[in-house]
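*Asks:* The structure is given below, and queries will be raised subsequently.
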Amino acid sequence: MAEENDREAGEFKEVEIRCTDAQREVITAESMPNSLINVISGPGTGKTTTLCNRIAYLLGTGVRPSEIIVFSLTNQSVNDVKNTLAGILGDTLAAGVQITTIHSCANKLVSLNSAYWQVTRDKSSLDPKILDSLLRSLTVPDLRKERNGSLVGKDNSLAAKLSSQEIRKIKMTNPTLYKKLLGYENPGISTLVKSDNVLYDKIVYEATKMLHRNHTSMQASTTDVASTNVNIPASITNVKEVIVDEFQDISSVLLDFILEISRGRQLTVAGDIDQSLYTFNGATPDENIKAILPIYKQDGYNLKEIILDETFRFSKSIHKLSLNLLGTEYSLIKNTVEEEPINIIREEFFSTADEFEFVYKEINDLIDASKGFLSPKNFAVLSNKNFILDRFKEYSDNKNSNLKVKRIFGSQKWLDTKASSIVSFLQLLDNPHSDPSMLVAISFLDGIGPKMTMQIKKEAEDHGNSIYDYLISSEKYAKKIDRNLFSRLEKLTGDVDRTDPSSIVVCLIEIGNLFNFPKLLGTEVAHAQYNKILKELFENLKVLKVIHPSDVDLLSYFLSNYQEEFLKESDLETLDTDSVDDFVTVSTIHGAKGLQWDIVFVLSNLDFSNLASFPLNSRTNYVAATRARQLLYLNKAVTEKMLYVDTYKRDEADQSTVKVNYRKTMVDYIPELKLKALPNNLKELPEYEMPIGRTKNMELLGRLLGNMAKRNVLPVPSSMMGVMTHLKKSCRKL
Ligand SMILES: Nc1ncnc2c1ncn2[C@@H]1O[C@H](COP(=O)(O)OP(=O)(O)OP(=O)(O)O)[C@@H](O)[C@H]1O
């Protein structure tokens, strides 16, 4: 039944896919249990596009959208995959495929299985002691067995003393110990989870254990099941193919989750070690490969390794420069885009003001001179420093011109969003006796803090009641919580038409109002976000209404299948009050990963206030340079000499205490690749001729537009000719 609905909704149509032989191999590889497809791919070789085409292909072979789950690391890259997939399949069908961050999926699993986890979302207002007891209640029992070893006592007390810096170090240098720490129930854990990243890891760690327990209980004949009642939603149990994009950036904790969730399923991973940017955050690209390959080399498993070696993004000059930045002689990329060569532009600046002025003016000049063929969306300004980007954004906003710039964020900051409370309200609408949701909801009421919330929870438990029943029957909180609230809630849950998207949303809003939610939102922007989420939810429900199985009501179906991304943080963060479609993107290099623009400015590192944390490592440079399709401005500061990328030598002593060998590249990790990879004769420096002057960029523009026309980037080829002629004339004049 669900299958029929999936199909109807999708309106399957044939799509023609343009692909290379290697891409075809990925796209059409059979989806089999216990199999791994390892897609190794350089920048712009179509990794994301190919994974999405694979999804389209699989749907054509009868796999249902709900049987595929795609993981990526940040909200930004999740959005990227979503957009690419929607471009291929159309919005409706693409919406049926789960595309999520690992953290978000883990959070959903943990929330479902812990009555108390949801209140910890607003951890800023939580007493560490309460947080600690929550975490204790969360840690699954079978971990206790592991805690009897001799090391444990030591680590337990160790955990209590660790500073966040030390935890970070352990995470990078000793993932095994780090995971042990995550498993403890002791006061040390509250020290650990003070750091956001550790809290996220803790959630993923717990979710992994839950999946593991579920798996083990399914395998155990019968008797063990009672002790391991883990609730795994259908959205996960139905999955046949697990796809992981940006595989190089996942940490050991996340890898465990991926291995657990893909057990017995098809696992397809794609990544590029050379683009690994998260070693500072515990990403273990080399370890991931080392850990995962042997599993799939065993009997009964299948392994396929496919290399994508043709870039569709940039031409030879950018390729050459990027390899230089990476410090390697080898490249996975055998073919680059053929077009008129354009030199990388290197401008030198004395001050940030000088640099900002240049970048801003250059963008405006290029747009003006192109007579409308270039627009802000063709441009990105990148830096590895948030504060520099903030300053650039401020600088541009102060100009008050038509040129709009917008900061985008690739952060994993999904956890703190108050918006996730909306799901709790929906759960209350479904069932007011749902304790976790009731806890979240009452914590919004005036005068009820987390402490009192936990007290109510405990008292309800002692009385053997649900929180709803307890609050109705007990006099104790009558003054704090108006009884009318419960009768109105009861009425709403009775009145809601569970099959009608508008009725669901209207009742949801009512529940939000009952619990004071809109008032708590505070700012106008937050209200706008709330409205936006409600609208998005409404649209999602409308789509689901078409594809959901007819024997289940819409509200229940949504709640057992929702993807947290409908609350996606990146959208919330970037929601502008004057939202514009055509803007210059301003982003950190990390946030820009997986994305591309025609013209990219990489800002210099003029600010030396924080030299100690400086080393702009070669991989970060590499990722920045490979975002540009046509034209790259790699700015440098006059004072930057010693750190200047061309001459920059890594100084071992000057590195952070954790040794990370950035110079290793993909081919070093996988020796077999060395034979296949082409040497690039990169001993000589890349060809930086003197940059085309700051004002004389007409010739450059002519070439640029020519290349863009060749790639069909420009929309109206015929009128384009006029501009080209105009440019040629202007060039001759120069
Ligand atoms: N077979 C192909 N023919 C033409 N263009 C292609 C092909 N495959 C991919 N592309 C184009 O190449 C560009 C880069 O693709 P994509 O963003 O998927 O690369 P990626 O490998 O994921 O990049 P990154 O490594 O930076 O994350 C896109 O514009 C895409 O449309």
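The values are calculated or read from the model by the stated rules, or taken from the named source; none is laboratory data. Remember, predicted model here, so these are calculated numbers, not experimental data. Ideal geometry is used to build each Cβ from the backbone, glycine not excepted, and the neighbour counts take in all protein chains shown. Please note that ligands, DNA and RNA were not included when accessible areas were found on the heavy atoms of the full protein model with its side chains. Shrake-Rupley method; radii C 1.70, N 1.55, O 1.52, S 1.80 Å.
*Asks:* Quick one: Karplus J couplings for segment 291-301, per residue in order, coefficients 6.51, -1.76, 1.60, θ = phi - 60°, nearest Hz, x for Gly and Pro?
*Replies:* 6, 8, 4, x, 4, 8, 8, 6, 4, x, 10
*Asks:* Could you sort 619-631, 588-600, 473-485 so that the peptide with the highest average Cβ count within 10 Å comes first and the rest follow in order?
*Replies:* Highest to lowest by the protection proxy: 619-631, 588-600, 473-485.
*Asks:* DSSP loop GluC sites (Glu not before Pro) in segment 330-364 with at most 12 other Cβ atoms within 10 Å of their Cβ, which ones?
*Replies:* For GluC sites (Glu not before Pro) across segment 330-364 that sit outside H, G, I, E and B with at most 12 neighbouring Cβ atoms in 10 Å, the list reads Glu338.
*Asks:* Let me ask something additional. Note down the nm distance, to one decimal, between modelled labels 7 Å out along Cα→Cβ at Met32 and at Asn335.
*Replies:* So the two model labels end up 2.9 nm from each other.
*Asks:* Mind checking the full-extension length gain between Asn431 and Arg711? Use 0.36 nm per residue of separation minus the Cα-Cα distance, one decimal, nm.
*Replies:* Here the segment from Asn431 to Arg711 would lengthen by 95.4 nm.
*Asks:* With the crude spin-label approximation of a point 7 Å out along Cα→Cβ, what separation in nm comes out for Leu303 versus Asp91?
*Replies:* Placing both labels 7 Å beyond Cα along the Cβ direction yields 4.4 nm.
*Asks:* Applying a 10 Å radius around every beta-carbon, put 297-304, 99-106 in order of their mean neighbour count, most first.
*Replies:* Per-residue mean Cβ counts within 10 Å order the peptides as 99-106, 297-304.
*Asks:* Leaving out ligands, DNA and RNA, what percent of the accessible area of segment 237-344 is carbon and sulfur, probe 1.4 Å?
*Replies:* 45
*Asks:* Using amide H atoms built 1.01 Å from N in the peptide plane, name the residues 5+ places from Asp598, or on other chains, whose amide H lies under 5 Å from its own.
*Replies:* Answer set, sorted by chain and number: Arg629.
*Asks:* For Ala637, list long-range residues whose amide hydrogen, built 1.01 Å from N in the peptide plane, is under 5 Å from its own amide hydrogen.
*Replies:* Phe349, Asn605
*Asks:* Hey, any idea what Rg/Rh is for segment 290-424, computing Rh the Kirkwood way over Cα pairs?
*Replies:* A ratio of 1.09.
*Asks:* Suppose R0 equals 22 Å. What FRET efficiency, 1/(1 + (r/R0)^6) with r the Cβ-Cβ distance, do Thr499 and Ala234 give to the nearest 0.05?
*Replies:* Efficiency computed from Cβ-Cβ geometry: 0.70.
*Asks:* Determine ³J(HN,Hα), in whole Hz, for all residues of segment 243-249 in sequence, where each value follows from phi through the Karplus function 6.51 cos²θ - 1.76 cosθ + 1.60 and θ = phi - 60°; x replaces Gly and Pro.
*Replies:* With coefficients 6.51, -1.76 and 1.60, one gets 10, 10, 8, 6, 4, 5, 9 Hz.
*Asks:* To continue, here is another question. Determine, for each peptide in 330-337, 498-505, 434-441, 392-399, the mean count of other beta carbons within 10 angstrom over its residues, then list the peptides with the highest first.
*Replies:* 434-441, 330-337, 498-505, 392-399
*Asks:* Continuing with this model, one more query. Each residue of segment 81-93 in order: what ³J(HN,Hα) in whole Hz does its phi give by Karplus 6.51 cos²θ - 1.76 cosθ + 1.60, θ = phi - 60°, with x for Gly and Pro?
*Replies:* Once rounded to whole Hz, the list reads 5, 4, 5, 4, 5, 5, x, 8, 9, x, 4, 5, 5.
*Asks:* Give me the one-decimal nm value for the distance between modelled label points at Ser487 and Glu394, 7 Å along each residue's Cα-to-Cβ direction.
*Replies:* If labels sit at Ser487 and Glu394, their model points lie 5.5 nm apart.
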